[in-house]
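Participant: Encoded as structure tokens, here's the structure I'll be asking about.
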Amino acid sequence: FEGMTIFELAKRTGASIRSLQEIIANVGERVLSEFDPLSIDIAELVSMEVGVNVRRLHLDEGAVLQPRPAVVTVMGHVDHGKTSLLDALRQTSVAAKEAGGITQHLGAFVVDMPSGSLITFLDTPGHAAFSAMRARGAAVTDIVVLVVAADDGVMQQTLEAMSHAQAAGVPIVVAINKCDKPAADPERVKMQLGAEGLLLEDLGGDVQVVEVSAKSKVGLDKLEEALLLQAEMMDLKSRIDGPAQAYVVEARLDRGRGPLATAIVKSGTLICGQYIVAGAEWGRIRAIRDMLGMTTTSGKPAMPVEIEGLKGLPMAGDDVVVVNTEERARMLSHGRKKKLEKDRLLKASEERTENEDISE
Ligand code: GDP
Ligand code: MG
């Protein structure tokens, strides 16, 4: 890349000159004319960032796609039973039962049904997590379970969750929860949702509705069946071979093991020993664990895995990419950190300006 110009890089990568200049500006470098030679490190960083995007398209283009489980997020109004429902669903997992339960909190879990079908649930309820991930462009959720308490009915955050899902183009399956309660009135909930424009199947639409009780553990199998049916209609498939692309769901610091990131693989296979960049952090994968805490050598599409070996904590929604060498991992991480820092300073100065405007 030595001495290459933006013009040449654009020609080679198919990226626009503007987008390349943006990447350079983002790492805090002066944007040169497109005909000035770039320093080797900047040229490499730019082509890597572009390459990440270009490769993403190339890898999936023409690849053999295989069916994969759906990734599901549970949303709804506070206290309507999101956490309870996730707990109840988690307990329906056959493997977890055999292992004596899921001991660790990963931010995601897989339910394996007796039929052998799998559903991956993001264990981060609430639309805050959903929005945070979406803001980073992480289209990680395939289906939203909209939880509505049968006694309370449709509330403010029910509607917010509904519009979040609709804005993201993610199909909804409604779970009317707390149906064990004497005051439960599922029919009223359906009317309310219908009035809000949700096309429920009871009313001739295609949004499935299931009545459940997270407390009495009733209707959970029906909900899982509804999710499988929805997934089947969506014909979810991913490339399995080749380098993985994944999204971070959650990250935490473990005293002994260092930074741990839970990620969901979107396509390809994540393999132990690979160099990765997760958001602005990099590392070499030292261990991969599944949701039961068992070490495994690889992670496949729609499977949550816990990655050990990153140097720092990435954020929910960050993408994970595989790079060939440590040097590249370091460089990409460094470039992205610079960009984050620049964005942070920009935001701070904007806020300062706003405050000044107010005080004037
Ligand atoms: P979240 O805020 O949506 O996560 O709601 P939680 O799962 O924390 O539940 C809020 C309250 O509703 C708790 O006191 C739960 O025990 C209760 N709850 C959740 N699901 C049910 C249910 O199916 N039936 C009844 N009776 N109570 C429930
Ligand atoms: Mg909760």
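The values are calculated or read from the model by the stated rules, or taken from the named source; none is laboratory data. Computed from a predicted structure; not experimentally measured. Don't worry about glycine lacking a Cβ; one is built from the backbone with ideal geometry, like all the others, and counts go over all protein chains shown. Heads up: the accessible areas ignore ligands, DNA and RNA and are worked out on the full protein's heavy atoms, side chains in. Shrake-Rupley method; radii C 1.70, N 1.55, O 1.52, S 1.80 Å.
Participant: Residue by residue through the range 241-281, note down the ones that are open to solvent by 30 Å² or more (accessible area, probe 1.4 Å) and not in a strand (DSSP E or B).
Facilitator: Within the range 241-281, 241, 242, 255, 256, 257, 272, 274 qualify.
Participant: Here is a list of conditions, (1) among the charged types (D, E, K, R); (2) within 16 Å of ligand 2 (Cβ to nearest atom); (3) closer than 30 Å to residue 297 by Cβ; (4) modelled with pLDDT of 95 or more, and residue 250 meets all of them except one; can you say which number that is?
Facilitator: It fails just one condition, (4).
Participant: Among (1) within 16 Å of ligand 2 (Cβ to nearest atom); (2) of a type in the set (S, T, N, Q); (3) at pLDDT below 95, there is one condition residue 117 misses while meeting the rest; what is its number?
Facilitator: If we test residue 117 against (1) within 16 Å of ligand 2 (Cβ to nearest atom); (2) of a type in the set (S, T, N, Q); (3) at pLDDT below 95, just (1) comes out false.
Participant: Out of (1) modelled with pLDDT of 75 or more; (2) under 30 Å from residue 220 (Cβ atoms); (3) of a type in the set (Gly, Ala, Ser), what's the single condition that is false for residue 19?
Facilitator: Answer for residue 19: the failing condition is (2).
Participant: Residue by residue through the range 173-191, note down the ones that are touching a Leu at 6+ places or on another chain (Cβ under 7 Å), near ligand 1 (Cβ under 7 Å from one of its atoms) and more than 16 Å from residue 220 (Cβ to Cβ).
Facilitator: none
Participant: Quick one: how many residues across the range 5-21 are in a helix (DSSP H, G or I) and open to solvent by less than 60 Å² (accessible area, probe 1.4 Å)?
Facilitator: First, pick out the residues of the range 5-21 that are in a helix (DSSP H, G or I): 6-13, 17-21.
This time we only want the ones that are open to solvent by less than 60 Å² (accessible area, probe 1.4 Å), so: 6, 9-10, 13, 17, 19-21.
Selection size over the range 5-21: 8.
Participant: Checking the condition crowded, with 19+ Cβ neighbours inside 10 Å, within 27 Å of residue 317 (Cα to Cα) and in contact with a Pro (Cβ under 6 Å, 6 or more places away or on another chain), which residue from 158, 120, 124, 141 passes?
Facilitator: Working: 158 fails: in contact with a Pro (Cβ under 6 Å, 6 or more places away or on another chain); 124 fails: in contact with a Pro (Cβ under 6 Å, 6 or more places away or on another chain); 141 fails: in contact with a Pro (Cβ under 6 Å, 6 or more places away or on another chain).
So the residue among 158, 120, 124, 141 that is crowded, with 19+ Cβ neighbours inside 10 Å, within 27 Å of residue 317 (Cα to Cα) and in contact with a Pro (Cβ under 6 Å, 6 or more places away or on another chain) is 120.
Participant: Next question. Just checking, does the range 162-182 include any residue being of a type in the set (Val, Ile, Thr), surrounded by 18 or more Cβ atoms within 10 Å (Cβ to Cβ), over 19 Å from residue 119 (Cα atoms) and modelled with pLDDT of 95 or more?
Facilitator: Within the range 162-182 (the criterion being of a type in the set (Val, Ile, Thr), surrounded by 18 or more Cβ atoms within 10 Å (Cβ to Cβ), over 19 Å from residue 119 (Cα atoms) and modelled with pLDDT of 95 or more), the answer is yes, since at least one residue qualifies.
Participant: Can you go through 264, 285 and tell me which one is touching a residue at least 24 places away in the same chain (Cβ under 8 Å) and in contact with a Gly (Cβ under 6 Å, 6 or more places away or on another chain)? Walk me through how you get there before you give the answer.
Facilitator: On the way: 264 fails: in contact with a Gly (Cβ under 6 Å, 6 or more places away or on another chain).
Residue meeting the stated conditions: 285.
Participant: Looking only at the range 282-301, how many residues end up being surrounded by 24 or more Cβ atoms within 10 Å (Cβ to Cβ) and under 17 Å from the mean Cα position of the chain (by Cα)?
Facilitator: Adding up the residues that qualify gives 3.
Participant: Report yes if some residue within the range 297-310 is touching an Asp or Glu at 6+ places or on another chain (Cβ under 6 Å) and in contact (Cβ under 8 Å) with a residue 40 or more places away in the chain; otherwise report no.
Facilitator: yes
Participant: Then there's this: Can you tell me which condition residue 238 does not meet? The list is (1) out of contact with any Pro (no Cβ under 6 Å at 6 or more places or on another chain); (2) outside any loop (DSSP other than H, G, I, E, B); (3) farther than 21 Å from residue 293 by Cα, and all the others hold.
Facilitator: All conditions are met except number (1).
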